[in-house]
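Accompanying notes for the structure given below.
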Amino acid sequence: MAAPITSIGTERIDVRVRGQDDRILYFKINRTARLSRLFNIYCERRQLDVQTVQFLYEGNRITGNQTPQALGLEDGAELCAFVHQTGGGRQQHGHLISC
């Protein structure tokens, strides 16, 4: 019996997301699925607000509207997730001091 015919567009790939703490979560996603779903699930599992996390692929920022196919992601690709940070110090009596 012949193997089932699948379209390249619906092929699923394994993608891993590495956080700032080097923890890795693994996902299996369709090549044509928007990455926003992966971002939301990653943030839910890591108990993060998706609005505070930036995702990168090969050093370039990526958005939830993009797809693995549009980015050229291959099976086993790794994305990086970084939490936005604001500030950088604290003020005491009007002077900025480092933490």
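The values are calculated or read from the model by the stated rules, or taken from the named source; none is laboratory data. Bear in mind the structure is a predicted one, so any value in this text is a computation, not a measurement. All Cβ positions, glycine included, derive from the backbone under ideal geometry; neighbour counts span all protein chains shown.
What the table below lists for this structure:
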quantity	calculated
Count - residues of region 30-56 that are within 15 Å of residue 13 (Cα to Cα) and within 12 Å of the chain's Cα centre (by Cα)	4
3 or more residues at pLDDT below 95 and not β-branched (Val, Ile, Thr): qualifying strands (runs of 3 or more DSSP E) within region 9-99	90-92
Leading residue by the ranking (farthest from residue 19 (Cα to Cα)) among those in region 38-61 that are surrounded by 14 or more Cβ atoms within 10 Å (Cβ to Cβ) and of a type outside the set (A, V, I, L, M, F, W, C)	57
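Let's see how each residue does on (1) more than 19 Å from residue 83 (Cβ to Cβ); (2) polar (S, T, N, Q):
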| position | (1), (2) |
| --- | --- |
| 15 | yes, no |
| 52 | no, yes |
| 63 | no, yes |
| 69 | yes, yes |
